[in-house]
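Below you'll find the structure, written out as C-alpha cells, and then a few comments.
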Amino acid sequence: MPHCPAILVAAPASGQGKTTVAAALARLHARAGRRVRAFKCGPDFLDPHWLALATGQPVHNLDLWMTGEDDARARLHEAATQADLIVVEGVMGLFDGEPSAADLAQRFGLPVLAVIDASAMAGTFGALAFGLRHFRPGLPWAGVLANRVGSERHAQMLREALADDQAQFLGAVMREAAFTLPERHLGLTVAAELPDALARLDAAADALSCTPLGRTEGEALARWSVAFAAPAAVPAPAPLLAGKTVAIARDAAFCFIYPANLDTLRALGAELFFFSPLANEMLPACDAVWLPGGYPELHADALASATRTRDGLRAHAASGRPVWAECGGMMPLFDHIVSSDGHAAATWGLLPGRAVMQKRLAALGPQRLPLPGGALRGHTFHYSRCETPLEPARCTEAARGGAGEAVYRVGSVQASYFHAWFPSSPQAAASLFLEGGAA
C-alpha cells in the first residue's frame, strides 16, 4: 500500500482563496523539484486549469457522487505511486454539498488545511478555526492558514485567537494584488488567457514560502503521510469506438473538458482530433463531433463569423453523423446567442431558437442522464437559458431533486446543458458518438 504526503485545501465558504493557496502550495513544491499531483474536489473545469499550470500534470476531479468512490480511490492510489505530494482542492465550504469536501477527506484520510479569509476579523478567526476542526468528529486535520491578512500585527492577533491551540496555525498570507486570480461569471478566469498566470502563481508560492507551509524538506511533509489502498480491478471498456474519429472543439470558447473524458474516449478506441471554431478552422474529417462547454457568450461575434466551422458542422449533421454538444457547446448551435444587455449574434442555426444570457445563475447541481447503454453522471452550471420550440427528446434527472435538463435532438445533433462525466458509464458515453446512438 503506497504512502504519500497529501493535503486537502478547504475553507469555510467559497471565495476564501482555496485555489490560490492550493495552486501556490503545488507550485512551491514543484519548483523544489518534487513530483506533485493535484486534484479538484467536485465538478469544476476552471480551478483545474490553475492546478495543472502549477504542477505541469493533468488534474482530475474527485467527487464521491459524480466520479464515485472507486474512481477516486483508483486515481489517488495511482498518484501516490508516482508523486511526492498530493494536493486536493476542496469545493465551496468544507461541509457544503452532498457529498462534501469533508466527506472526501474522511473517506480517504486526507488532512484538511483550512484557508480562512481573515481580512475583516480578528478574534472570530479562532471561532471559525475551532468550528471547522471540531464540527465533525474524526476529521483529519492539518491546520489553518490565514489569508488576505493586513499586517504582521494582524497576523499575530489571528494566531492569538487560537488560544491554546496555536500549534495548528500554519501561517498568514498578506493581501497582495500580485497573486490575485481574476474571476468572471462562471468562476476563475482560465489560466491560459492570462500572459502573467505563472508569474501570479510564483508570487503566491513566494508568499507561502514564508509560512510553515513553505518547508519543503521530506520530514516536513511526512506529517501529512497518507496510506492509499489499492482499488478493485476494473475491466477495460469494450472498444465500442474502435476505428472512429471524434473531432473535439477546443479553444478559449470551448475549454470545459475533463481530461478523464478524453481518456475514456481513447479507451473506447476513438482517435481524437481537435479544432478551433474561434479560429474558424475547418471541421476535421471525422465520424462524430463533440462541442464541450466553455465561454461562447464571450466570443459570440467571432463564432458568428466562423463560417467555415459552421458550414462544416452543418454538412456533418446533414450526413447523419453524430454531434454531442454540452452547455456552452450547445449555445452557438442555436440561431442566436443573446448577451445579458440584449446584443444578439447570429450563430450557426443547427437548432432553432436562441440562447439568452442571464445576470444570475440559471441552474446548478449534480445530474444523471439515463441512456439505453447506461446512465451518465455529471452536473449542470449555467447562466443562460434556451428559448426554442423544440421539445426535449429526453431529460436528465437531478440528483438532489428539482428540475432536470432537457436534451434536444434534431437529426443526429444532440445537445443539452448537462456536462457528462464519461467514465461514469463508458458504454453510455460511446452511444453519444455512434450513428443512431442514444436515441
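Figures for the structure shown
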| item | result |
| --- | --- |
| Yes/no for LEU240 being over 24 Å from the mean Cα position of the chain (by Cα), crowded, with 18+ Cβ neighbours inside 10 Å and not assigned by TED's automatic domain parsing to the domain that holds ALA38 | yes |
| Within the range 389-421, tally of residues that are more than 15 Å from CYS327 (Cβ to Cβ) and hydroxyl-bearing (Ser, Thr, Tyr) | 1 |
| Subset of the range 423-438 (residues that are at pLDDT 95 or above and crowded, with 20+ Cβ neighbours inside 10 Å) | PRO423, SER424, SER425, PRO426, ALA428, ALA429, ALA430, SER431, LEU432, PHE433 |
| When residues of the range 351-382 are limited to those that are touching a Pro at 6+ places or on another chain (Cβ under 9 Å) and surrounded by 22 or more Cβ atoms within 10 Å (Cβ to Cβ), the one farthest from PRO99 (Cα to Cα) | ALA355 |
| Pick from the range 383-413, criterion touching a Lys or Arg at 6+ places or on another chain (Cβ under 9 Å) and among the polar types (S, T, N, Q), ranking: nearest to LEU46 (Cα to Cα) | THR396 |
| Answer residue from the range 73-87, given it is of a type in the set (A, V, I, L, M, F, W, C) and assigned to a helix (DSSP H, G or I) and is surrounded by the most Cβ atoms within 10 Å (Cβ to Cβ) among those | LEU76 |
| Counted residues, the range 107-121 - those being part of a helix (DSSP H, G or I) and crowded, with 17+ Cβ neighbours inside 10 Å | 1 |
| Checklist (1) more than 30 Å from GLY42 (Cα to Cα); (2) under 27 Å from the mean Cα position of the chain (by Cα); (3) of a type in the set (D, E, K, R); (4) at pLDDT below 95 applied to GLU281, failing item | (4) |
| Evaluation of ASP70 against (1) surrounded by 21 or more Cβ atoms within 10 Å (Cβ to Cβ); (2) in contact (Cβ under 8 Å) with a residue 60 or more places away in the chain; (3) over 17 Å from the mean Cα position of the chain (by Cα) (one fails), failing number | (1) |
| Residue within the range 208-224 that is touching a helix residue (DSSP H, G or I) at 6+ places or on another chain (Cβ under 6 Å), surrounded by 13 or more Cβ atoms within 10 Å (Cβ to Cβ) and within 29 Å of ASP70 (Cβ to Cβ) present | no |
| Tally, over the range 131-165, of residues that are among the hydrophobic types (A, V, I, L, M, F, W, C) and under 29 Å from the mean Cα position of the chain (by Cα) | 9 |
| Single unsatisfied condition, GLY320 versus (1) out of contact with any helix residue (DSSP H, G or I) (no Cβ under 9 Å at 6 or more places or on another chain); (2) assigned to a loop (DSSP other than H, G, I, E, B); (3) surrounded by 19 or more Cβ atoms within 10 Å (Cβ to Cβ); (4) not charged (D, E, K, R) | (3) |
| Considering residues of the range 31-67 that are in contact with a strand residue (DSSP E or B) (Cβ under 9 Å, 6 or more places away or on another chain) and more than 29 Å from LEU369 (Cβ to Cβ) only, the residue surrounded by the fewest Cβ atoms within 10 Å (Cβ to Cβ) | GLY56 |
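The values are calculated or read from the model by the stated rules, or taken from the named source; none is laboratory data. Quick caveat: nothing in here was measured; it's all calculated off a predicted structure. Every residue, glycine among them, receives a Cβ derived from its backbone with ideal geometry; neighbour counts consider all protein chains shown.
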